[in-house]
Amino acid sequence: MTVRRLGGPGAALALALAVAVLAPAVQRQVGAQLPTMADDRFAGLQWRFVRIKYHYTTEGTTIQQDFYGEPWAIDAPAAEQNLARRIKTATTIQVEDPITLTLDDPTLFEYPWIYMVEPGNLKFSDKDVATLREYLLRGGTLTLDDFHGPIEWDHMAAEMKRVFPDRTIVDFPNGHAIYSCFYKLDGYPQVAGLGSFMAGRSWEKGGYIGRLRTIFDDTGRPMLYINWNTDMGDGWEWSNAEEFPGYIKYTTQAYRMGINEVVYALTH
C-alpha cells in the first residue's frame, strides 16, 4: 500500500496502518468484550499502533528501576495486539501490524499516531525535541500512557515544555467530543494497573485521580493525549487473562477510552 507522508503545517495526515490480531491460540477471547457486528461509521480510515522506543533517564546506568526491562517496552507486545484486535472487531477501521520506531526513524512521518508508555522516564535529545515538535505541528498525534503521581508528571511536563515552550498543557473539558465520538462515556476513567487492582486500589504513586490532558495546536486540534494516573496499557495487555475476572471492568474502560482517542485523532 502506498502511504502518503505528512504534509506541511495544517495539512491532513495520511491515515496509516495498524496492528496485528492476536491468534486465539495465544490468548483466549473474553466474549463479553467483543461486539457482534463492526460499526461502519469510520470505514475507510487506516491506523497502525506505532510504539516509540525512547531514551530514558536511567539508560546506561545501574540505578534500580521499579519495572523489568526498558520503560518504553512495557506491556508489549500484548497491549498493541489486543487493542488492534478490538479496534478491528468493533469498527471497520483498517488496521495493520504494529511496529516500534525511534523518533529519528526516517519513516516516522508516514504514521499519524504514535504511543509512548511510562513517559515519566522520558529523556529527549535536542534532536528528538525538534523532530517531535515538527511531527505534532504537521498533524501527528502522540498518546502518552501509564505514568502516575506528581513526580512523574513534573518530569513528563518538563520534557514536553522543551517541545512546546510557548504552549500550555490543559485538561480536556467536560463534555468534549472525545468522550462521545465512538463510545458514549460519562467522563475520563481511571484504569487500574493489574498490580494496583490486585492490591485493592485503582491508583499508584499518589496519582489518585485520572486525568486526560493535551496541548492544542493553533486550530484547536489536540496534538497529545496525555493519560495521567491511569494504565490503559495494562487494561489492553491483560484483557484476555481469564484468571483475573474482576479486572474485566478496567479492560472495558481501557478499550473504550483508547478507541475514542484513536477515532478522534483520525478524524480531527
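Picking from Asp166, Asp231, Asp186, which residue would you name as being in contact with a strand residue (DSSP E or B) (Cβ under 8 Å, 6 or more places away or on another chain) and either of a type outside the set (A, V, I, L, M) or modelled with pLDDT of 95 or more (or both)?
That would be Asp231, the only listed residue that is in contact with a strand residue (DSSP E or B) (Cβ under 8 Å, 6 or more places away or on another chain) and either of a type outside the set (A, V, I, L, M) or modelled with pLDDT of 95 or more (or both).
Out of (1) at positive phi; (2) touching a Pro at 6+ places or on another chain (Cβ under 9 Å), the odd one out for Asn229 is which?
(2)
With the structure loaded, tell me whether Arg167 is under 23 Å from Asp75 (Cβ atoms) and outside any helix (DSSP H, G or I) or whether it fails that test.
Considered against the rule, which asks whether it is under 23 Å from Asp75 (Cβ atoms) and outside any helix (DSSP H, G or I), Arg167 comes out as no.
Write out, first by first residue and then by second, each pair whose Cβ atoms fall under 8 Å of each other, whose residues are 6+ apart or on separate chains, and whose first residue, in the range 167-192, is under 16 Å from Gly220 (Cβ atoms) while the second is part of a loop (DSSP other than H, G, I, E, B) and at pLDDT 95 or above.
Arg167/Ile215; Thr168/Ile215; Ile169/Ile215; Val170/Ile215; Phe172/Tyr188; Ile178/Phe172
Tell me the residue from Lys123, Lys127 that is under 25 Å from Arg48 (Cβ atoms) and out of contact with any Gly (no Cβ under 6 Å at 6 or more places or on another chain), please.
After ruling out the rest, the residue left standing is Lys127.
Report the residue count in the range 127-164 for those that are outside any helix (DSSP H, G or I) and either closer than 26 Å to Ala79 by Cα or touching a His at 6+ places or on another chain (Cβ under 8 Å) (or both).
Residues that pass the stated criteria total 10.
Taking the range 175-226 as the search range and keeping residues that are under 22 Å from Ile74 (Cβ atoms) and aromatic (Phe, Trp, Tyr), which one is surrounded by the most Cβ atoms within 10 Å (Cβ to Cβ)?
Tyr225
Which residue, of Glu204, Glu261, is assigned to a loop (DSSP other than H, G, I, E, B) and of a type outside the set (A, V, I, L, M)?
The conditions single out Glu204.
Return yes or no: is Ile248 at negative phi, β-branched (Val, Ile, Thr), over 16 Å from the mean Cα position of the chain (by Cα) and surrounded by 17 or more Cβ atoms within 10 Å (Cβ to Cβ)?
Answer is yes for this residue.
So is Thr230 surrounded by 21 or more Cβ atoms within 10 Å (Cβ to Cβ) and within 18 Å of Leu83 (Cα to Cα) or not?
Yes; evaluated as a whole, the condition is true for this residue.
Check Asp75, Asp105 and return the single one that is on the phi < 0 side of the Ramachandran plot and not hydroxyl-bearing (Ser, Thr, Tyr).
On inspection, the qualifying residue turns out to be Asp105.
Quick one: count up the residues across the range 212-248 that are part of a helix (DSSP H, G or I) and within 13 Å of Asp145 (Cβ to Cβ).
Residues flagged as part of a helix (DSSP H, G or I) and within 13 Å of Asp145 (Cβ to Cβ) within the range 212-248 amount to 6.
Could you check the range 30-126 for strands (runs of 3 or more DSSP E) lying wholly inside it with 2 or more residues that are out of contact with any Lys or Arg (no Cβ under 6 Å at 6 or more places or on another chain) and either under 26 Å from Gln253 (Cα atoms) or modelled with pLDDT under 95 (or both)?
Filter on the range 30-126 gives 50-52, 113-117.
The values are calculated or read from the model by the stated rules, or taken from the named source; none is laboratory data. All figures in this text were calculated on a predicted structure; none of them were measured in a lab. Glycine gets a Cβ as well: all are built from the backbone with ideal geometry, and neighbour counts include every protein chain shown.
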